[in-house]
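Enquirer: Could you have a look at this structure, given as structure tokens, before my questions?
The values are calculated or read from the model by the stated rules, or taken from the named source; none is laboratory data. The structure presented is a predicted model; accordingly, all values stated were derived computationally and were not measured. Glycine gets a Cβ as well: all are built from the backbone with ideal geometry, and neighbour counts include every protein chain shown. Side chains are part of the model used for accessible areas, which takes the heavy atoms of the whole protein and leaves out ligands, DNA and RNA. Shrake-Rupley method; radii C 1.70, N 1.55, O 1.52, S 1.80 Å.
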Amino acid sequence: MAAKGNEEETQLLEMEEEAATGVEREMESDEEEGMGVEDSDEDEDDSSDDEKENEAEIQRLEEQLSINAFDYNCHVDLIKLLRQEGELLRLRRARQKMSELFPLTEEIWLDWLKDEIRMTEEEPNREKVNELFEKAVKDYICPEIWLEYAQYSIGGMGAPGGIERVRAIFERALTAVGLHMTKGTAVWEAYREFENAIMGTMQPPPGSIPSHEQQEHLNAQLERLHALFRRQLAIPLMDMEATYGEYEEWSDRGVPETVSNLYKKALQQMEKCKPFEEALLVAEPPKLSEYQAYIDFEQQEGDPARIQIIFERALAENCLVPDMWAKYTKYLDRQLKVRDLVLSSHDRAVRNCPWTMGLWKNYLLALERHGAEHQTVSEIFEKALNAGFIQATDYVDIWQAYLDYLRRRVDFSKESSRELEELRAAFTRALDYMKQDVEERFSESGDPSCTIMQIWARIEALHCKNMQKARELWDSIMMKGNAKYANMWLEYYNLERSYGDVLHCRKALHRAVQCTADYPEHVCEVLLTFERVEAMSIAVTCKLFWIRASAECSNVNEMGCIYGAVVFGALSATLMGPHLPAGSLEDWDTAVQKTETRLSRVNEQRAKVAEKEALLARQEEEKAEQRRKAKAEKKAQKKTQKKAGEKRKAEEEEDEEDEWGDESEQPPKKLRGEGWPPPRKMDAPGAKKGRLLAAEARRTQDATLDKRNDSLSVFVSNLAFSMEDPEKRLRELFQGCGPIQQVRPIFATKGTFRGYCYVQFQEQSSVAEALKLDRQEVDSRPMFVSPCVDKNKNPDFKVFKYSTSLEKHKIFISGLPYSCTKEQLEKLCKEHGTVKDIRLVTNRSGKPKGLAYVEFEDETQASHAVMKMDGTVLQDHTLTVAISNPPRRNVADKPDSSRALGGMMPRQLYGARGKGRTQLSLLPRALHRQTGPDSKAENGTLQNQSGGSVGGAPAAAGGSGFEAQNKPLSNADFAKLLLKK
């Protein structure tokens, strides 16, 4: 009553304050009248516009939820907007709908509870808030919600039994979160403060002596406080030293020795757990690895209560991680086996991760294991079908789990029962569901091997003795494209062998021989073995019956002979075919003929395929050989041209030296057209310096060529041509990988850097470290680092470090804005799981392509990210998200090197990529003259079969002819060729 009176007083005070503030507002409005009318109108217009926008957004979200009720983010956004607008009734409905589908987070529950407490301040409505608290504490283990629950219950302690109700709630809170290492202390302290307050109300007035009954109540309350201290000090909690000091100060009888011993043990346990708590404190969400290490530690310690609390803590922060739920429910199923705890945990698991089939399957098994009603199991199964799995095979697995449950309910000793009919109806519905719903959604059945139909057929044959139904089911299986697989036919044959008869076994094997496409020889071998065994078994059986008849007819009278004949005839009649008994010589001949015909046809087909593959392999080898020869020829030509260039350079230097000699020794000047080549253009001012630098670099490379070791080197490419001092820069980039032996940058003839180089280390381990720098950004370009491989020895060697096959744990995102960074993408993706790696795809210059690959910890997180992120909008760009399945990198064959100039000139004359569509030939026409199909070009001279040269004088006999063939053309020779018209 006192509490109620206090509440009424506070309500009156609030009403008076509201009235006072209302009067003040009226006075202020009167003073501002005429001055702020325009401002108020503008504010009202702005607020009305915001309200309209919010209302339109609320309607959009409600429509979206009517289409897809499982959109978690849409629920959260709707609740935020409704709370912002103050739409309390709509807000309550939105929260209720979300709580029916998903467990709510701690923040959503606390906001909901506070709103409901403000809306239901009257006493009769406290039960509704209590019911809401009961729902809240079941979703997650949250100390804050338990503290709020206990504090709210204290407000109703004036009712009959109110104190005991508060104590019961505190005890439940201690059971749920009292072991929480960091937040459990707050619950213990709140409980002790409550009991201290109760004790304060029991104290007698000063100067008075308590009665015997009052003293007993005081002693009992005092013992409660001692018990709370003892219980708390026996549990390892953070800052438990302060609690021990508080107990020493509070207790008038000191700390008992038993309490001190328990406190020391708890303190030791707390020191063991402290590193894990500190790791969780400094780690960033989702802290999966830290929690997993903590769980492993607690499981080794073996305390079930502590294992449960650390699992609950991990799930509170990682509620959308199916693997964590699977581990927790597996532990509860195998270790604790408490029905209510196990089933509630399974229910929370599927509500948090409804897209994970394994959690639903385990839920069904747990329900059956703990004796749940059939209606409950069926309802959970229907929810699983509507959960929206991401793979067609998931529906096959969940149907199998439910059908196994229905099969275990059937008593097959009875010919017919309601459970058996329900099982058959479920099989029929499963097949229809896979054909209609699953195929329409995924464009595949999910059950290509017809596993559900195989199980049904085996049940009909084994338990129901209905081989006719089993054969009908197997006919349907074969008609769905499975008749070409040997294992399917052998499965059917084993079923007939076990529960059917010889006639259907033989028919099945004969059909298998005709239809099998993958392993026909295996089926043929089984057929021949069947005929051997079947013929032998019939002969042995007949002989045994004849011996039995002879023994029983020892007098060899007419009745005995009749008996023996009847027995033998009955046996033969049971195995009769249309004309001959089963297992006869005719059956053996037929089987051999069919198998031989089939195997010969198969061998012919395989021989053709092998011949075709061998031809393709030879063609590939020839192409590879041609590529190797072309590269070798190109290399030889480069060496020859280099020698010729050095020779011409030496001649020019001699000419320059002659210019400084006697003028009488110089030849007379000739006019243009008399055999001299046209004058050379003057070099640019810096060209000569560039050539000198290039020559110096080549001399350095030649000097270090003997020290080259490809196994200790890496090839670095895609560098900027404008890089200054590449050797120094690359030494700085790779110095962290290990000691560097040499850096070989490649320069052009004019001395400019060509954008690639070789880095050779002193140790093999440094190469692996250097390869990790691949794709590192250098001068706003991705630097490519690859192994150093001699392309002459390995012409087909290609380096591509990323997988080209299906990666279920990685997603591919397209449509990204070019300004998107790694950090922005990681922030977007980490809401759906643990992001292990992100790769933004760029071109060779480092500019983004709007594509990215994101790797998650497991395929479940990746699938969840695809569902949630596909179609989302980022910076006005709609994203397309799918599981990573890049196409294979098929390296196209390079064109043959002998095709240039119609087989006459080497390909190098047209450049590395051949002759372009708009490229003009600048060679003299004389060089295009063909002298024969076998002519070759060497050093610019076309040779015919007789050893003569085209465009020049005929080769002289003997040695002079050989020299004419191999002597390179000079400038004067080219000038003569140009003037021959």
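Enquirer: Ignoring ligands, DNA and RNA, how do Ser48, Ser498 rank by accessible area with a 1.4 Å probe, largest first?
Expert: Descending accessible area places them as Ser498, Ser48.
Enquirer: Another question, then. Would you please put 83-92, 209-218, 757-766 in order of how densely packed they are, using the mean number of other Cβ atoms within 10 angstrom per residue and starting with the highest?
Expert: Going from most to least packed, we get 757-766, 83-92, 209-218.
Enquirer: Could you order peptides 310-321, 258-269 by the average number of other Cβ atoms within 10 Å of their residues, highest first?
Expert: Answer by packing, highest mean first, reads 310-321, 258-269.
Enquirer: If you don't mind, there's one more thing I want to ask. How many nm is it between the label spots at Leu616 and Asp347, if each spot is 7 Å from the Cα in line with the beta carbon?
Expert: 5.8 nm
Enquirer: Extent of the stretch 389-502 along each principal axis, from alpha carbon coordinates, in Å, largest to smallest?
Expert: 39, 35, 16
Enquirer: Would you give the gap between the C-alpha center of the stretch 402-437 and the C-alpha center of the stretch 492-526, rounded to a whole Å?
Expert: 28 Å
Enquirer: Treating only the Cβ atoms of Lys and Arg (+1) and Asp and Glu (-1) as charged, compute the dipole magnitude of the stretch 590-639 about its Cα centre; round to the nearest 20 debye.
Expert: That gives a dipole near 520 debye.
Enquirer: Hey, what D do you get for the stretch 55-124 in µm²/s if you plug the Kirkwood alpha-carbon radius into Stokes-Einstein at 37 °C and 0.692 mPa s?
Expert: This corresponds to a translational diffusion coefficient of 261 µm²/s.
Enquirer: Between the stretch 147-217 and the stretch 235-250, what is the separation of their alpha carbon centroids in Å?
Expert: Value for the Cα centre distance between the two parts: 19 Å.
Enquirer: Give me P(r) over the stretch 293-399, computed from all C-alpha to C-alpha distances, binned every 5 Å, as integer percentages.
Expert: For the stretch 293-399, the pair-distance distribution reads 2, 12, 23, 22, 19, 11, 7, 3, 0.
Enquirer: Let me ask another. Explain nothing, just compute: Karplus ³J(HN,Hα) = 6.51 cos²θ - 1.76 cosθ + 1.60, θ = phi - 60°, for every residue of the stretch 78-90 in order, whole Hz, x for Gly and Pro.
Expert: Those phi angles translate into 4, 5, 4, 5, 5, 5, 5, 7, x, 7, 5, 5, 5 Hz.
Enquirer: What does the accessible area per residue of the stretch 288-421 come to in Å², with a 1.4 Å probe and no ligands, DNA or RNA counted?
Expert: The answer is 43 Å² per residue.
Enquirer: Same structure again: Which listed residue (Ala56, Leu89, Thr185) has the Cα farthest towards the positive end of the charge dipole for the stretch 50-208, taking +1 on Lys and Arg C-beta and -1 on Asp and Glu C-beta about the Cα centre?
Expert: It is Thr185.
Enquirer: Sticking with this one: How big is the charge dipole of the stretch 374-413 about its Cα centre, in debye rounded to the nearest 20, if each Lys and Arg gets +1 on its Cβ and each Asp and Glu gets -1 on its Cβ?
Expert: In debye, rounded to 20, the stretch 374-413 gives about 100.
Enquirer: Packing-wise, with mean Cβ within 10 Å as the measure, how do 229-236, 53-60, 167-174, 355-362 rank, highest first?
Expert: 355-362, 229-236, 167-174, 53-60
Enquirer: Accessible area per residue, 1.4 Å probe, Å², for the stretch 728-881: what's the number?
Expert: 54 Å²
Enquirer: Now, a different point. Rank Leu403, Phe442, Asn386 by how far each Cα sits towards the positive end of the charge dipole of the stretch 380-451 (+1 on Lys, Arg Cβ; -1 on Asp, Glu Cβ) and give me just the farthest.
Expert: Going by the Cα projections, it comes out as Leu403.
Enquirer: Regarding the stretch 336-442, what is the average projected area of its C-alpha convex hull, in nm²?
Expert: Seen from a random direction, the Cα hull of the stretch 336-442 projects 7.1 nm² on average.
Enquirer: State, as an integer percentage, the relative contact order of the stretch 109-182 based on alpha-carbon contacts under 8 Å between residues 6 or more apart.
Expert: 24 percent
Enquirer: What does the charge count near Asn219 come to, summing +1 for each Lys or Arg and -1 for each Asp or Glu among other residues with Cβ under 15 Å from its Cβ?
Expert: Computed value for this residue: -3.
Enquirer: Rounded to whole Å and ordered largest first, report the semi-axes of the equivalent ellipsoid of the stretch 46-168 derived from its Cα gyration tensor (root of 5λ).
Expert: Working through the eigenvalues yields semi-axes of 31, 17, 11 Å.
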